[in-house]
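Participant: Questions regarding the structure given below will be posed in turn.
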Amino acid sequence: MAVAAELRASGAEVSFLGTRERVEAELAPAAGYEIDFVKARGIDRRNPLRAARAVVEATGAVGAARRAIRARDADVVMGGGGFVAGPAGLAATMSGIPLVLTEADSHLGLANRLLAGRAKRVCLAFPIVGREGERYLVTGRPVPSAILGADRAAARERFGVAAGDRCLLVVGGSQGARSVNLCAIEAFAERPGRDFHVVHLAGRRDFDELEGRLAEAPHRDRYTLLPYEADLGDVLAACDLVLSRSGGSIFEVTAMGKPAILVPYPHATADHQSANADWMVDAGAAEVIPDEELSAERLAAEVGDLFGDEERLDVMASASASLAMPDAASRVADEVLKAAGS
């Protein structure tokens with residue numbers, strides 16, 4: 001979406017390709033973009049039958065993507081690494097249309113590994129060992145302009161955060177990070193001792209359960225529970241510390257110069273969330289709690305220690321800001337336009 005906005009600003013026509021079941025079905029039309037749909041799903045390597053069905057669907061999706069690309073008279077296709085990007089990328093190369101890939105994590109996902117050799121350019125969020133050739137360019141991960149333009153005072157007023165209060169942002173993801181969600185509600189609403197505001201972006205899956213627990217919690221004051229935000233701009237602007245997984249959203253965190261406590265998802269492909277977290281930890285911008293070590297007690301202690309050490313928190317915030325790549329969207333858009341003219 002961030003790259004699409006840059007392309008649109010340059011005068012390019014942009015449309016999306018996705019599935020009806022995923023978030024793009026809502027986000028693309030809401031932003032004024034047309035979208036074509038294919039039927040595709042992720043390959044579940046733990047279930048051979050489901051994996052086989054996904055491969056069959058992907059084969060059919062290549063033809064559907066090729067028809068959509070032809071109907072749009074596309075000059076270039078950009079893939080974001082998801083399971084729609086595989087069929088779309090194959091359709092583009094089969095049709096002789098330039099392909100640009102983007103990779104948000106610290107390793108190439110399956111679709112990008114299969115397509116990288118056919119792409120004009122592969123834009124990387126992180127440097128990746130073995131991907132240093134001229135085909136690869138480290139651009140950072142694009143973030144929406146709304147993130148960069150968010151106003152802290154307005155955001156804190158929106159969420160009811162008092163001017164002098166410290167604020168912790170808990171990000172459970174668009175669907176929900178269950179272990180993070182449950183530990184946060186226990187640590188900061190069901191246990192005493194909290195002296196800061198919490199803005200908790202729970203995700204849709206766990207929201208009703210957490211809302212019920214918060215309603216019964218003895219320390220629910222200064223606790224703002226939300227199911228979902230279309231972008232992280234306001235919630236990041238309002239906070240002083242972030243608790244989250246370590247997926248691609250860490251680029252939003254660094255774009256806003258926020259220190260973080262990261263809990264990598266333990267089942268992420270190739271353990272890429274641990275590698276993502278290491279990128280921030282090595283810079284001094286974050287601390288890590290392994291998912292298997294996460295507990296309400298430890299979480300309360302870690303957050304309390306950081307909020308009790310203002311100098312340390314400021315150093316981490318500066319380190320986070322030093323990692324920011326705010327021009328990533330425009331750099332990727334430039335590569336897409338170059339490929340379109342090749």
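Participant: Any residue at all in the range 245-265 that's surrounded by fewer than 18 Cβ atoms within 10 Å (Cβ to Cβ), modelled with pLDDT of 95 or more, of a type in the set (Gly, Ala, Ser) and in contact with a helix residue (DSSP H, G or I) (Cβ under 8 Å, 6 or more places away or on another chain)?
Facilitator: Within the range 245-265 (the criterion being surrounded by fewer than 18 Cβ atoms within 10 Å (Cβ to Cβ), modelled with pLDDT of 95 or more, of a type in the set (Gly, Ala, Ser) and in contact with a helix residue (DSSP H, G or I) (Cβ under 8 Å, 6 or more places away or on another chain)), the answer is yes, since at least one residue qualifies.
Participant: A follow-up question, please. Considering only residues of the range 208-225 that are out of contact with any Phe, Trp or Tyr (no Cβ under 8 Å at 6 or more places or on another chain) and either in contact (Cβ under 8 Å) with a residue 24 or more places away in the chain or of a type in the set (Phe, Trp, Tyr) (or both), which is nearest to LEU182 (Cα to Cα)? It would help to see each step written out before you state the result.
Facilitator: Looking only at the range 208-225, we keep the residues that are out of contact with any Phe, Trp or Tyr (no Cβ under 8 Å at 6 or more places or on another chain), and these are 208-213, 215-216, 218, 220-221.
Those left that are additionally either in contact (Cβ under 8 Å) with a residue 24 or more places away in the chain or of a type in the set (Phe, Trp, Tyr) (or both): 210, 213, 218, 220.
Working: LEU210: 8, ARG213: 10, PRO218: 16, ARG220: 14 Å.
For the range 208-225, the residue satisfying everything is LEU210.
Participant: Still on this structure, please answer the following. Just name the residue that is farthest from ALA339 (Cα to Cα) out of those in the range 103-140 that are in contact with a Cys (Cβ under 9 Å, 6 or more places away or on another chain) and not acidic (Asp, Glu).
Facilitator: Of the residues in the range 103-140, the ones in contact with a Cys (Cβ under 9 Å, 6 or more places away or on another chain) are 103, 136-140.
With the extra rule that they be not acidic (Asp, Glu), the set shrinks to 136-140.
Values: TYR136: 13, LEU137: 14, VAL138: 17, THR139: 16, GLY140: 19 Å.
This residue is GLY140.
Participant: With the condition kept exactly as written, say whether any residue in the range 187-199 is assigned to a loop (DSSP other than H, G, I, E, B), modelled with pLDDT under 90 and out of contact with any Cys (no Cβ under 6 Å at 6 or more places or on another chain). Steps first, answer last, please.
Facilitator: So in the range 187-199, the residues assigned to a loop (DSSP other than H, G, I, E, B) come out as 189-196.
Of the ones still in play, those that are also modelled with pLDDT under 90 are none.
Scanning the range 187-199 turns up no residue that is assigned to a loop (DSSP other than H, G, I, E, B), modelled with pLDDT under 90 and out of contact with any Cys (no Cβ under 6 Å at 6 or more places or on another chain).
Participant: In the range 291-335, which residues are crowded, with 18+ Cβ neighbours inside 10 Å and over 23 Å from THR254 (Cβ atoms)?
Facilitator: ALA300, the sole residue that qualifies.
Participant: Just to be sure I understand, how many residues within the range 1-22 are crowded, with 21+ Cβ neighbours inside 10 Å and among the charged types (D, E, K, R)?
Facilitator: Qualifying residue count, the range 1-22: 1.
Participant: With respect to the numbered conditions (1) touching a Ser or Thr at 6+ places or on another chain (Cβ under 7 Å); (2) not in a helix (DSSP H, G or I), which one is the sole condition not fulfilled by LEU337?
Facilitator: The number of the failed condition is (2).
Participant: Tell me which residues, restricted to the range 39-54, are at pLDDT 60 or above, under 17 Å from ALA111 (Cα atoms) and in a helix (DSSP H, G or I).
Facilitator: ARG53
Participant: On the given criteria, is ALA116 touching a strand residue (DSSP E or B) at 6+ places or on another chain (Cβ under 9 Å), closer than 30 Å to ALA238 by Cβ and either free of Cβ contacts under 8 Å to residues at least 40 places away in the same chain or not acidic (Asp, Glu) (or both)?
Facilitator: No.
Participant: Of all residues in the range 120-145, how many are free of Cβ contacts under 8 Å to residues at least 40 places away in the same chain and in contact with a helix residue (DSSP H, G or I) (Cβ under 9 Å, 6 or more places away or on another chain)?
Facilitator: 4
The values are calculated or read from the model by the stated rules, or taken from the named source; none is laboratory data. All values derive from a computational prediction rather than experimental measurement. Cβ: placed from backbone, ideal geometry, glycine included. Neighbour counts: every protein chain shown.
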